[in-house]
Amino acid sequence: MSPECRLAQVPGYEDMHHECRQTSDVPLPHGSGILLLRRCVCSHHPYVDAVQPSAAGQGTERT
């Protein structure tokens, strides 16, 4: 979770979700897939719902 979204959990700072800049993964240059920074997985971001991984045999799949 990004620092902005962590702060947004504090009462009075709920609007900080809009300040989050961690909207995509940042790969380590020449790192063969190693991530320097992961995107924020806060449930307030619209892309989180679109890319939910489904666990085998649990729940229903999204189409």
Taking the condition modelled with pLDDT of 75 or more, in contact with a Ser or Thr (Cβ under 7 Å, 6 or more places away or on another chain) and outside any helix (DSSP H, G or I), does Gln22 pass? yes
Of the residues in the stretch 35-49, those that are open to solvent by 100 Å² or more (accessible area, probe 1.4 Å) and modelled with pLDDT of 85 or more number 2
ask   = Hey, any hits in the stretch 5-16 for a residue that's aliphatic (A, V, I, L, M), outside any helix (DSSP H, G or I) and touching a helix residue (DSSP H, G or I) at 6+ places or on another chain (Cβ under 7 Å)?
value = yes
*Does the stretch 6-16 contain at least one residue that is loosely packed, with under 12 Cβ neighbours inside 10 Å and either modelled with pLDDT under 85 or in contact with a Cys (Cβ under 8 Å, 6 or more places away or on another chain) (or both)?*
no
Of (1) modelled with pLDDT of 80 or more; (2) under 18 Å from the mean Cα position of the chain (by Cα), Gln52 satisfies every one except (1)
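The values are calculated or read from the model by the stated rules, or taken from the named source; none is laboratory data. Computed from a predicted structure; not experimentally measured. Don't worry about glycine lacking a Cβ; one is built from the backbone with ideal geometry, like all the others, and counts go over all protein chains shown. Side chains are part of the model used for accessible areas, which takes the heavy atoms of the whole protein and leaves out ligands, DNA and RNA. Shrake-Rupley method; radii C 1.70, N 1.55, O 1.52, S 1.80 Å.
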